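Novice: Next up is a structure, given as structure tokens.
The values are calculated or read from the model by the stated rules, or taken from the named source; none is laboratory data. On a predicted model such as this, the values are computed, not experimentally measured, just so you know. All Cβ positions, glycine included, derive from the backbone under ideal geometry; neighbour counts span all protein chains shown.
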Amino acid sequence: MKKVSYNAILAFIAISIVVSCAKKSTPSSITSTESSVVSKTVVNENDIAAGHQIFDQNCGKCHRIYTPQEFKEKRWVRIIDEMAPKARLNDNEKQKVLAYVVANAKK
């Protein structure tokens, strides 16, 4: 029987600890905001019009204004989730902007 080196044993233990303590990756899932929030909420034409106005007033301050047709609904949800805090939109304004872009999003 071969003699196993002390360093090999320590390396094996260290690797085992690191692997067992590492954060387990889980399959990515769609967040609740990505699962068509707007379609689950009652949206009227006034909300969409208000969302258009909020979008035009806020979204061009730091970058060019993208047209709603440039992205699909899922992408818009992620964009608005990320950008609403930067634009300092409250939840009501965010929902109206989301209603506008989703109503006009690329199909």
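Novice: Take S32 and tell me if it is within 24 Å of E93 (Cβ to Cβ), surrounded by 13 or more Cβ atoms within 10 Å (Cβ to Cβ) and at pLDDT below 55.
Specialist: The answer is no for S32.
Novice: Right, another one. Taking the options Q69, Q95, name whichever one is of a type outside the set (A, V, I, L, M), part of a helix (DSSP H, G or I), within 22 Å of N46 (Cα to Cα) and touching a strand residue (DSSP E or B) at 6+ places or on another chain (Cβ under 9 Å).
Specialist: It is Q69.
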